[in-house]
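The block underneath contains the structure these notes are about, expressed in structure tokens.
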Amino acid sequence: MARVIALDFYDGAVGGFVELTDASGNRDWHRYELVAWSKDQNRRVFCIATAPTVDRIVAKIPEAQRQFWIPQAGCTVCDELDRVRKATDDFTSIILSDSYINEIKAMRALTAETRQRIPTELPSYDDRDFNFWMAEVCSGD
């Protein structure tokens, strides 16, 4: 189960940071941004980029140790997290998950073609391209 920091929230996570565990048990923080969602908004495709400095930042605050944390405006680390979020845009993969990122259902590395399809404005609150992103993240599974 991933830890999630939701800096943007709309009936679930749309942007922030997620701590993922790889097959070897190593944990790493990633910036995530909503790329597309299903019409009911329960299935969401996110692009992710490695954000290793988040671990140092969230270690400062007990609330950040929760499974799902929505920082309140003016929290002690909000400005730091926002700076890391703006500086981290080298998206490497896409993931398919539910609205709270409780379970990663599929994950796939971005290709040059799919990287070009990432909206310039993130998060993207759009369901029109969901079928494309759903097929892309699930291809190869």
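The values are calculated or read from the model by the stated rules, or taken from the named source; none is laboratory data. Treat the numbers as computed from the prediction; the structure is a model and nothing was measured. Reconstructed Cβ throughout: ideal geometry from the backbone, glycine too, with neighbour counts over all protein chains shown.
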task: Please verify whether the stretch 113-122 includes one or more residues that are farther than 18 Å from V137 by Cα, out of contact with any Ser or Thr (no Cβ under 7 Å at 6 or more places or on another chain), at pLDDT below 95 and exposed (fewer than 15 other Cβ atoms within 10 Å of the Cβ).
output: yes
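Can you go through E63, E136 and tell me which one is among the acidic types (D, E) and without any contact (Cβ under 8 Å) to a residue 24 or more places away in the chain? Steps first, please.
Working: E136 fails: without any contact (Cβ under 8 Å) to a residue 24 or more places away in the chain.
After ruling out the rest, the residue left standing is E63.
Going by the structure shown, is D79 among the acidic types (D, E) and farther than 17 Å from D28 by Cα?
Numbers: among the acidic types (D, E): yes; farther than 17 Å from D28 by Cα: yes.
It is true that D79 is among the acidic types (D, E) and farther than 17 Å from D28 by Cα.
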Residue match in the stretch 11-23 (condition: in contact with an Asp or Glu (Cβ under 6 Å, 6 or more places away or on another chain), surrounded by 12 or more Cβ atoms within 10 Å (Cβ to Cβ), modelled with pLDDT of 95 or more and not in a helix (DSSP H, G or I)): yes
message: Quick test of your reading of the structure: T88 fulfils all but one of (1) under 30 Å from T114 (Cα atoms); (2) of a type in the set (S, T, Y); (3) surrounded by fewer than 19 Cβ atoms within 10 Å (Cβ to Cβ). Name the failing condition by number.
response: (3)
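If you check D28 against the conditions, is it farther than 18 Å from D8 by Cβ, assigned to a strand (DSSP E or B) and modelled with pLDDT under 95? Talk me through it step by step, then tell me what you get.
On the way: farther than 18 Å from D8 by Cβ: yes; assigned to a strand (DSSP E or B): yes; modelled with pLDDT under 95: yes.
When the stated conditions are applied, D28 passes them.
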statement: Note on the stretch 90-131: residues closer than 14 Å to Q41 by Cα and assigned to a strand (DSSP E or B) are L96, S97, D98
message: List pairs: first residue in the stretch 42-59 and small (G, A, S), second residue in a strand (DSSP E or B) anywhere in the structure, Cβ distance under 8 angstrom, at least six positions apart or on different chains.
response: A49/H30; A49/R31; A51/F17; A51/W29; A51/H30; A51/R31
statement: For the stretch 52-85, the count of residues that are surrounded by fewer than 18 Cβ atoms within 10 Å (Cβ to Cβ) and under 30 Å from E113 (Cβ atoms) equals 2
